Every structure is written in C-alpha cells, then in structure tokens.
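Colleague: The structure that follows is given in the form of structure tokens.
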Amino acid sequence: MKLKTWKELPAGAVITEPGSARNFKTGSWRSYRPRWIEENCIQCLFCWVYCPDMSIVTKDGKMTGIDYDYCKGCGICALECPGKKGQKALVMEEEGK
C-alpha cells in the first residue's frame, strides 16, 4: 500500500473508506500496555465495551486476549476493569518490560 502525502489527504481528515483503521497498525504509538491476568477476569467485558480501538479480542462472549497491533495503551480498559475480589484483570505496565 502506497502512503499518501499530506497534500493527497482529504481536507478535514474526512474518512472516505469504511473500515480503513484496519490498514494502520497503531500499536507502536504506546508507551504503556495492558497486561491481562486471566485468573482475575470475571468476563464482564467492560474492557471490550470501553476500548476505543477495538483491541480486546473476544470469542464466544468471553475475553481471550489483546490485539497489541492496534492497542495505543490509553489504559481505559484497566481503569474500567472491576476484577475479582479487588484484583484487576487488566493492569498497565511500561512497554518493553
């Protein structure tokens, strides 16, 4: 895929192609990443509902992981996670550790 120059982009950042976000893996932007602790997960799916990047992977109505290709590390999933008995299922950690 050939990248467009700034002169070729539509004015006002108008999205002209549906589903185009899949073409741009934005995971390299983050400095923090969520780590999933499966044994603390109650499968409430709050993380899936609140994730602005659709980075929470689910199957059959249950969380199965995180798509780090698109996760920008905003931390909303960890913030919204109630966890089990006060122990969060999603915690933020520094990228690369």
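Colleague: What are the pairs with Cβ atoms under 7 angstrom where one residue, in region 27-43, is without any contact (Cβ under 8 Å) to a residue 24 or more places away in the chain and the other, located anywhere, is part of a strand (DSSP E or B) and open to solvent by less than 30 Å² (accessible area, probe 1.4 Å)? Sequence gap at least six, or different chains.
Modeller: Correct list of pairs: GLN43/MET63.
Colleague: OK, next. If you take the residues in region 16-30 that are surrounded by 10 or more Cβ atoms within 10 Å (Cβ to Cβ) and part of a loop (DSSP other than H, G, I, E, B), which one is modelled with the lowest pLDDT?
Modeller: Ranking the candidates gives PHE24 first.
Colleague: Further question on the same structure: Scan region 54-70 for residues that are exposed (fewer than 13 other Cβ atoms within 10 Å of the Cβ) and within 14 Å of ILE42 (Cα to Cα) and jot them down.
Modeller: GLY61, LYS62, THR64, GLY65, listed by residue number.
Colleague: Contact list please: Cβ distance under 6 Å, first residue in region 57-79 and under 12 Å from TYR32 (Cα atoms) and free of Cβ contacts under 8 Å to residues at least 60 places away in the same chain, second residue open to solvent by 60 Å² or more (accessible area, probe 1.4 Å) and aromatic (Phe, Trp, Tyr), pairs at least six apart or on different chains.
Modeller: Between residues of region 57-79 that are under 12 Å from TYR32 (Cα atoms) and free of Cβ contacts under 8 Å to residues at least 60 places away in the same chain and residues that are open to solvent by 60 Å² or more (accessible area, probe 1.4 Å) and aromatic (Phe, Trp, Tyr), the close pairs are LYS72/TRP29; GLY73/TYR32; ILE76/TYR50.
Colleague: Whether any residue in region 60-76 is of a type in the set (A, V, I, L, M, F, W, C) and over 22 Å from GLU95 (Cα atoms) is what I want to check.
Modeller: No, there is no match, as no residue in region 60-76 is of a type in the set (A, V, I, L, M, F, W, C) and over 22 Å from GLU95 (Cα atoms).
Colleague: Quick check on this structure: which one of LYS7, LYS97 is at pLDDT 80 or above, open to solvent by 80 Å² or more (accessible area, probe 1.4 Å) and assigned to a loop (DSSP other than H, G, I, E, B)?
Modeller: LYS7
Colleague: With the structure loaded, tell me whether CYS71 is assigned to a helix (DSSP H, G or I) and within 10 Å of the chain's Cα centre (by Cα) or whether it fails that test.
Modeller: no
The values are calculated or read from the model by the stated rules, or taken from the named source; none is laboratory data. Remember, it's a predicted structure, so these values are computed and weren't measured experimentally. Here Cβ is always computed from backbone atoms with ideal geometry, including for glycine, and neighbour counts include all displayed protein chains. Ligands, DNA and RNA are excluded from the accessible area calculation, which covers all protein heavy atoms including side chains. Shrake-Rupley method; radii C 1.70, N 1.55, O 1.52, S 1.80 Å.
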